[in-house]
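This report refers to the structure that appears directly beneath it.
The values are calculated or read from the model by the stated rules, or taken from the named source; none is laboratory data. What you see is a predicted model; the values in this text were computed from it and never measured. Glycine also receives a Cβ, built like all others from the backbone with ideal geometry; neighbour counts cover every protein chain displayed.
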Amino acid sequence: MSEQSDHPQGIFSRYLSALSYRDYRILWVANLSAQAAAWALIVARMELTYVMSGSAGLAGLVTFAAMIPRVLVTPISGYFSDRYDRRKVLACMFSLNLVHNIILTIMAFSGSLQVWHLVMLSLINGSARAAQMPTGQALLPNLVPRHLLLNAVALNQATQQGARLVGPAAILPFMAFAGPKAAFALCIGFYALSLILSLCIRTVSTGKIDPNKSILRNMAEGAIYMYQNLTLRALVLLTLFHCGLTMSFESLLPVVSRQLLGAEGIGVSVLMMGVGTGALCSSIYLAGVRDEAARGKLFWYSGILSGLAPCLLGLSAAIPMAMSLRHDQGLFLGVFLALAGVFVMGASQSGYMTLTHTMIQTIAPDAVRGRIGGIYSIHIGGTMALVNLLNGALADYINAPVILIGGGALFVVMMFWSWKYISLRQIYTQGLRVEAPA
């Protein structure tokens, strides 16, 4: 575990105490920078693809290419993060994304960039990110004491979810005045900073690989543990539907931006910033929650709100029309409802995912934590990639708000249905009641 600074007091002690540990603080900033780059790239690539092709389906394909590596890469990266020094694995992934971004920027400025290039480069970017995320998550519990794990995970989620604000906000002026290629150039700096910081982490952290078992058998240990643990299995499967039905909206944003806000270019950034603002507020609030029963109730409520919020976003254009308002009044109310919808989406989805990550990290033994993280990433990343691809294709034929409303309403139904499972019902009412693994 890394050394600690002087004990913080007051608000810092409640909400930011994990940041008093040097290596965790470095990892936190490195993750924030990398996640900001990732979300900035998602926004810029989608907008550029939509402008180049006029197709929401192709915009969805680019997003799919960035997300599908979480299915293909994470089992291998989870094994590597348990086999090798997690600091070095992390630095290698930041290096790969830095090189990728340099190539993307050169092609964009030279005018040679085409849609198929964006698909292939998104695949490379997504592969490195798919390896980086579970590695960082496996390293994190070794950097703080166990009683600060929720605080550390919540603050880490603030970098992942709040980066939806930081990344799009950082590129907003570039998108408005210079276009996506300038946004690509800015992301080079983000990844360079992440690489430099990762090399400054001192804590050595590895898992445990059985030398008497084959590589495939060692890789499978994470899946075996996850599916044999009833609580872990229930959490992961419910989260799979959460990600597919409420969080796979990125490929719809170029269409939603034009239909609801009447805005091109910066509209996607504004909507994503709304999501990021809500996510950041939620993550910081959860960092100060210490009562286990309160965490369980928050998990339940955040799941319900995760389903209702996309419905609000989808209805933000229909509600003013139903009220027969003047055009200017209807437009103002529609924009207000849309921004409120994305804010609640960010807050509820981030809250749900933060609490899920904390529970998984608490249940998972350090020896197989990287591999469990890899299997978990397969479920959530694969689902989001496939559903984003499907949503982008459907948006060429079905009104995008209808897709948002349908997915959100279905997940609300699933949350009520999940009460029949004892392990989930106990979490909703009592919080997670298990002994933390060694």
Check your understanding: Within the range 122-172, how many residues are closer than 20 Å to residue 45 by Cβ, surrounded by fewer than 23 Cβ atoms within 10 Å (Cβ to Cβ) and either out of contact with any Gly (no Cβ under 8 Å at 6 or more places or on another chain) or of a type in the set (Ser, Thr, Tyr) (or both)?
Key -> 4
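When the range 171-182 is examined, which residues are found to be out of contact with any helix residue (DSSP H, G or I) (no Cβ under 6 Å at 6 or more places or on another chain) and in a helix (DSSP H, G or I)? Walk me through how you get there before you give the answer.
So in the range 171-182, the residues out of contact with any helix residue (DSSP H, G or I) (no Cβ under 6 Å at 6 or more places or on another chain) come out as 173, 177-179.
Answer for the range 171-182, where residues must be out of contact with any helix residue (DSSP H, G or I) (no Cβ under 6 Å at 6 or more places or on another chain) and in a helix (DSSP H, G or I): 173, 177.
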**Study point:** Flag for residue 56 being more than 27 Å from residue 26 (Cα to Cα), modelled with pLDDT under 85 and buried (at least 24 other Cβ atoms within 10 Å of the Cβ)
**Key:** yes
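Could you check, for the range 390-408, whether at least one of its residues is part of a loop (DSSP other than H, G, I, E, B), of a type in the set (Val, Ile, Thr) and over 30 Å from residue 226 (Cα atoms)?
Start the filter on the range 390-408 by keeping residues that are part of a loop (DSSP other than H, G, I, E, B), which leaves 395-399.
Subset that is of a type in the set (Val, Ile, Thr): 398.
Okay, now just the ones that are also over 30 Å from residue 226 (Cα atoms), so 398.
Yes, the range 390-408 contains at least one residue that is part of a loop (DSSP other than H, G, I, E, B), of a type in the set (Val, Ile, Thr) and over 30 Å from residue 226 (Cα atoms).
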Review point. Being under 21 Å from residue 245 (Cα atoms), assigned to a helix (DSSP H, G or I), aromatic (Phe, Trp, Tyr) and at pLDDT 80 or above, is that true of even one residue in the range 373-385?
Key: yes
Exercise for review: Please indicate, with yes or no, whether at least one residue in the range 69-84 is over 22 Å from residue 359 (Cα atoms), of a type in the set (A, V, I, L, M, F, W, C) and without any contact (Cβ under 8 Å) to a residue 60 or more places away in the chain.
Suggested key: yes
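Okay, residues lined up against (1) under 22 Å from the mean Cα position of the chain (by Cα); (2) closer than 22 Å to residue 66 by Cα:
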residue	(1), (2)
81	yes, yes
102	no, yes
106	no, yes
143	yes, no
Point to revise | Matching residues in the range 109-124 - criterion: being at pLDDT below 90 and either in contact with a His (Cβ under 9 Å, 6 or more places away or on another chain) or not in a helix (DSSP H, G or I) (or both) | key: 111, 112, 113, 114
Review point. Quick check: anything in the range 360-368 touching a residue at least 60 places away in the same chain (Cβ under 8 Å), in contact with a Cys (Cβ under 7 Å, 6 or more places away or on another chain) and either under 27 Å from residue 150 (Cα atoms) or surrounded by fewer than 21 Cβ atoms within 10 Å (Cβ to Cβ) (or both)?
Key: no
Review point. Which condition does residue 185 not pass, out of (1) out of contact with any helix residue (DSSP H, G or I) (no Cβ under 6 Å at 6 or more places or on another chain); (2) at pLDDT 75 or above; (3) assigned to a helix (DSSP H, G or I), if it passes all the others?
Key: (1)
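Going through 296, 274, 307 one at a time, which residue ends up being within 14 Å of residue 428 (Cα to Cα), in contact (Cβ under 8 Å) with a residue 60 or more places away in the chain, crowded, with 19+ Cβ neighbours inside 10 Å and touching a Leu at 6+ places or on another chain (Cβ under 8 Å)? Please lay out each step first, then the result.
Working: 274 fails: within 14 Å of residue 428 (Cα to Cα); 307 fails: within 14 Å of residue 428 (Cα to Cα).
None of the others qualify; the one that does is 296.
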Review point. From the list 46, 93, which residue is closer than 18 Å to residue 394 by Cβ and in contact (Cβ under 8 Å) with a residue 24 or more places away in the chain?
Key: 46
Review point. Does residue 37 count as in a helix (DSSP H, G or I), modelled with pLDDT of 90 or more and surrounded by 24 or more Cβ atoms within 10 Å (Cβ to Cβ)?
Key: yes
